[in-house]
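The values are calculated or read from the model by the stated rules, or taken from the named source; none is laboratory data. For clarity, every value in this text was computed on a predicted model and none was experimentally measured. Cβ atoms come from the backbone with ideal geometry, glycine included; neighbour counts cover every protein chain shown.
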Amino acid sequence: MEALRVEGLSKDFGGIHALSNVSFSVEVGEHMAIIGPNGAGKTTLFNLLNGQLSPTSGRIYFFGRDITTMPTHRCAHLGQARSFQIISLCPNLTVLDNTLITLHGTKRSRFQMFRSINADTRLLAKAQEALSAVALWDTRDELVKNLSYGEQRRLEIALTVTSEPKLLLLDEPGGGLTSAESADITDMIHKLGRDITVLLVAHDMDLVFGVAERIIVLHYGKIIADGAPEEIRVDPRVREIYMGIEENIENATAS
Amino acid sequence: MTIAELKETMRQQPWQVLLIRFAPYILGLIALVILPPFFSTPIQGIWTKFLIFAIFASSYDLAYGHTGLLSLGHAAFFGAGGYTIAVLNLHYGIDSLWIGLPLGILVGALTAVVFGLIALRVLGPFFLMITFALGMLTFSIAWNVRWLNTPGMQGITGVPLPDLGIPGFSWSTISFYYFVLIIFLLCFFLVYRIMNSPFGYSLRGIRDGEPRLRSLGYNTWLHKYLIIIITGAFAGVAGVLYVYYYGMIVPAHLAIGTSFSPMIMVILGGSTTLLGPVIGAAVIEFVGYFASIFTPERWPLILGGIFVVTIMYAPGGINIHLSRLWKRLGERYGSVKS
Amino acid sequence: MSAEAFVLNLLNGLSYGMVLFLLASGLSIVLGLMGIWNLAHGALYMVAGYIGWTIAVHLGMNFWLAVLLGAIAAGLIGLGIERGFLRKLYRQVNEQVLLTFGFLYILTNLSLWVWTGRFRVPFTAPALAGSFIIGDITYPIVRFVIIIIGIIIASGLWWLQERTRIGAIVRAGMDDKEMTMGLGINLDRVSMFTFLLAAFIAGFAGVIGAQFLGVYSGLGLDMLLPALIVVIVGGMGTMQGALFGAVLIGLIDAFGRALFPQLAMFTMYLLMIVILLVRPSGLVGRRI
């Protein structure tokens, strides 16, 4: 069963070809990583999958359903959850508030205007469960902007998972974290059930090889490699890109 | 600690702590109910005006403070409600409250329905400008359309106080005040509910991070649209009461100057809080009244100065400082589990 | 409409448009570069007009001195607002706009206090008094002069924008702030200079424009509103946009008043809304 299928996806920004003819599919429960140099189009791809952007051409299918032009909130209702490259929790709200807002996102109660948000004890219990799992229950009344970067990241990932999504889009989840904190994230992803499909964008190779069963390499908006981690590791084209970058840096520092 | 245990600890708080937490509301309510009859009639009028603008300011804050929608056009909703009453009186001779008030709210909300559809198509600085243009558009409509003006003058005058349909009843300043008070308390309660509901939380989430809220499943456009309509309805209430109070309305009530009032009340009192807009309205109306007696020419200038100072150095408004004071009092009386 | 009336309205529209251009150009560049609607811009115009009146009429001094002092005063006030207040609210766009609104309010009431609310009769430099007579038309010289001054300044500003280094920096800053700063350019100082220049020009416009628009305390708002429309309709960030928009609005205003006085205001706001919906960057503005 395919969780996600992308066909001929392209995105142009007035002359810049961010993505060109990208095609791949992901099976349910697969953990896949998307890597590539900066500017390769990884976040653009996520934005397209998540409905924040519309493609110039191509199609996206989510569990068999065409979601090419579906807006973001509807993608969420269909079972997508996403974390952002730049942490986008609500900084002026408390940890608990952020959690409750996340939990209401896919429920009808999000339009509720008369009952207090604290009245729903089931959701409060769920919030407690989610926050305790990442040791943030005790800081629930702290404003998010007062948390450390690592704690904020942990919270964001935890919240992304808490809505029990079918597809998890993680954009640079390890960005700015120490290797210990990154290892925590790797653990968290491993603990997810086989029902959850995970798409991961990352630069941290430890994270990538620790989590991914399959890797896609993007370069200037095109897929140049797609396969198992061991294959990618030794793929000459991939080495060329990363080596090429290293070489350029070496040349630059030498001269 | 389970949820049940959490609720237990909250219930066990020493009564002093709870009293201090709710004291502002209790004191405020007592003051609003008991004090006005002791003042002279003109001052009772100021109490009334303050409550009317407290409604207007609170509704404005729902859009500005909670949702981050800075607009310059909400005077149009206010004016729409007011003109409804005025027109009902002028052309149809209808003075009944039971027709006027609901209709005024409806017209205010409908104006917002139209505004929202247009204004929400653009973002950021353009939203500000388009709401401004929409507001001035309604102003020019009110100015030019003859049907909206008493013959021979600008605006509509001679609007009487509402007819309650109670035989033998006639209004006095103080009875009108209590009438407005009841409506104010109702609106206050509704705003309180909305603020603390999931919907209210989603608004603050949208203010702080709209892309994220969308990816969580919130149709942010719809939420923003709904709050604009709600703002319109409340502003319509304020407009209705205002016309009853003044007995007249002029096109200028739809212009940018009227949009300034709730803005400064919210900034001064403290946005995104329940009491902030009310405090702001109280300060502006009462201090303004006394200032107009002693320094009528300088008051707008002083007001402008206070506005600038507040934005620069006290962005949380009066409310933040008061609530900090209150919290410290609360901490003195026992462990405060916030 | 007779030929004379047509020409009259045309000239009225152009002269009013030129004054609007002077205001709108500054408003537009500040918006493009700093992202702020300076709602106090019209108030700067107004204060300069009052000061100009004081110098030229009340004190009976040289008219062009009045123009210079008015412009300098406006520039200094603008500088004060930017340095003392706006830059401290770095990145808080909503608060910055509210702040400028506050200053509009303050400046308006300050002017009321100092100069009281009497409607100031338009004042004219002796050299500019009188009118041309062409055929059947009698037309004040002043308005002609303003049109010419406007064209000269517009050319000068265009040259500044397109042919100087500072103009290139400003344009770059509007396109991509981070990149420009990354090139080592002190965008903060450039913004300050831009704001100062815009205020100066607004002040200049205030004294010149007072020749046929007069000076009164409501000017702060009355000049701001059409300037806003000009920026939106004409396009933000460019001199061409400001000029185009100003001439357009000026002509709509003049012909509107003559043909359908009630609809003029309505038309302009409607136009503004349509432009915002269809082409927010304005008809001739930078594509954002």
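Could you check residue B:73 against (1) surrounded by fewer than 24 Cβ atoms within 10 Å (Cβ to Cβ); (2) outside any helix (DSSP H, G or I); (3) touching a residue at least 40 places away in the same chain (Cβ under 8 Å) and say which number it fails?
(1)
If you scan region C:250-284, which residues turn out to be within 13 Å of chain B (Cβ to nearest Cβ), aliphatic (A, V, I, L, M) and within 18 Å of the chain's Cα centre (by Cα)?
C:268, C:272, listed by residue number.
Please work out which one of (1) closer than 19 Å to residue B:65 by Cα; (2) in contact (Cβ under 8 Å) with a residue 60 or more places away in the chain; (3) within 13 Å of the chain's Cα centre (by Cα) is the condition residue B:190 fails and give its number.
(2)
If you take the residues in region B:233-269 that are assigned to a loop (DSSP other than H, G, I, E, B) and away from every other protein chain (no Cβ under 14 Å), which one is farthest from residue B:50 (Cα to Cα)?
Here the answer is B:250.
The rows are residues; the columns are (1) β-branched (Val, Ile, Thr); (2) over 17 Å from the mean Cα position of the chain (by Cα).
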site: C:7; (1), (2): yes, yes
site: C:37; (1), (2): no, no
site: C:50; (1), (2): no, no
site: C:57; (1), (2): yes, yes
site: C:72; (1), (2): yes, no
site: C:79; (1), (2): no, no
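Kindly indicate which of A:215, A:189 is part of a strand (DSSP E or B), in contact with a helix residue (DSSP H, G or I) (Cβ under 6 Å, 6 or more places away or on another chain), modelled with pLDDT of 80 or more and closer than 21 Å to residue A:175 by Cβ.
Within the list A:215, A:189, the selection yields A:215.
Where in region A:61-164 are there helices (runs of 4 or more DSSP H), lying fully within it, with 2 or more residues that are under 19 Å from the mean Cα position of the chain (by Cα), more than 7 Å from chain B (Cβ to nearest Cβ) and among the polar types (S, T, N, Q)?
Qualifying helices (runs of 4 or more DSSP H): A:95-104, A:149-162.
Looking at region A:58-96, which of its residues are closer than 26 Å to residue A:147 by Cβ and without any contact (Cβ under 8 Å) to a residue 24 or more places away in the chain?
A:72, A:86
Determine whether region B:314-323 contains at least one residue that is within 25 Å of residue B:203 (Cα to Cα) and buried (at least 21 other Cβ atoms within 10 Å of the Cβ).
Looking through region B:314-323, at least one residue is within 25 Å of residue B:203 (Cα to Cα) and buried (at least 21 other Cβ atoms within 10 Å of the Cβ).
Under 6 Å between Cβ atoms, at least 6 apart or on separate chains: pull out the pairs that start in region B:197-210 with a residue that is within 7 Å of chain A (Cβ to nearest Cβ) and end on any residue that is in a helix (DSSP H, G or I) and not β-branched (Val, Ile, Thr).
Correct list of pairs: B:198/A:104; B:198/A:109; B:198/A:110; B:199/A:111; B:202/A:110; B:202/B:223; B:204/B:66; B:205/B:213.
Taking the residues in region A:165-187 that are without any contact (Cβ under 8 Å) to a residue 40 or more places away in the chain and hydrophobic (A, V, I, L, M, F, W, C) as candidates, determine which candidate is farthest from residue A:17 (Cα to Cα).
The qualifying residue farthest from residue A:17 (Cα to Cα) is A:180.
Tally up the residues in region B:114-128 that are touching a residue at least 24 places away in the same chain (Cβ under 8 Å) and either outside any loop (DSSP other than H, G, I, E, B) or within 7 Å of chain C (Cβ to nearest Cβ) (or both), please.
Step one: filter region B:114-128 for residues touching a residue at least 24 places away in the same chain (Cβ under 8 Å), giving B:115-117, B:119-120, B:127-128.
Then keep just the ones that are either outside any loop (DSSP other than H, G, I, E, B) or within 7 Å of chain C (Cβ to nearest Cβ) (or both); that gives B:115-117, B:119, B:127-128.
Residues that pass the stated criteria total 6.
Can you name the condition, by its number, that residue B:230 falls short on among (1) assigned to a helix (DSSP H, G or I); (2) more than 17 Å from residue B:101 (Cβ to Cβ); (3) within 10 Å of chain A (Cβ to nearest Cβ); (4) not aromatic (Phe, Trp, Tyr)?
(2)
I'm trying to understand the selection: among the residues of region B:271-287, which are assigned to a helix (DSSP H, G or I), away from chain C (no Cβ under 14 Å) and among the β-branched types (Val, Ile, Thr)?
Residues of region B:271-287 that are assigned to a helix (DSSP H, G or I), as a first pass: B:276-287.
Subset that is away from chain C (no Cβ under 14 Å): B:276-279, B:281-283, B:285-287.
Selection gives B:278, B:279, B:283, B:287.
Given the criterion closer than 22 Å to residue B:234 by Cα and touching a residue at least 60 places away in the same chain (Cβ under 8 Å), identify the matching residue among B:150, B:157, B:111, B:173.
Values: B:150 fails: closer than 22 Å to residue B:234 by Cα; B:157 fails: closer than 22 Å to residue B:234 by Cα; B:173 fails: closer than 22 Å to residue B:234 by Cα.
After applying the criteria, what remains is B:111.
Identify all residues within region B:299-323 that are facing chain C (nearest Cβ under 7 Å), under 18 Å from residue C:109 (Cα atoms) and touching a residue at least 24 places away in the same chain (Cβ under 8 Å); write none if there are none.
B:307, the sole residue that qualifies.
Looking at (1) modelled with pLDDT of 90 or more; (2) over 22 Å from residue B:94 (Cβ atoms), which one does residue B:154 not meet, given that it meets all the others?
For residue B:154, the failing item is (1).
For residue C:6, indicate whether it is without any contact (Cβ under 8 Å) to a residue 24 or more places away in the chain and under 19 Å from residue C:264 (Cβ atoms).
yes
So residue B:290 fits all but one of (1) in contact with a helix residue (DSSP H, G or I) (Cβ under 8 Å, 6 or more places away or on another chain); (2) assigned to a helix (DSSP H, G or I); (3) surrounded by fewer than 22 Cβ atoms within 10 Å (Cβ to Cβ); what number is the exception?
The single condition residue B:290 does not satisfy is (1).
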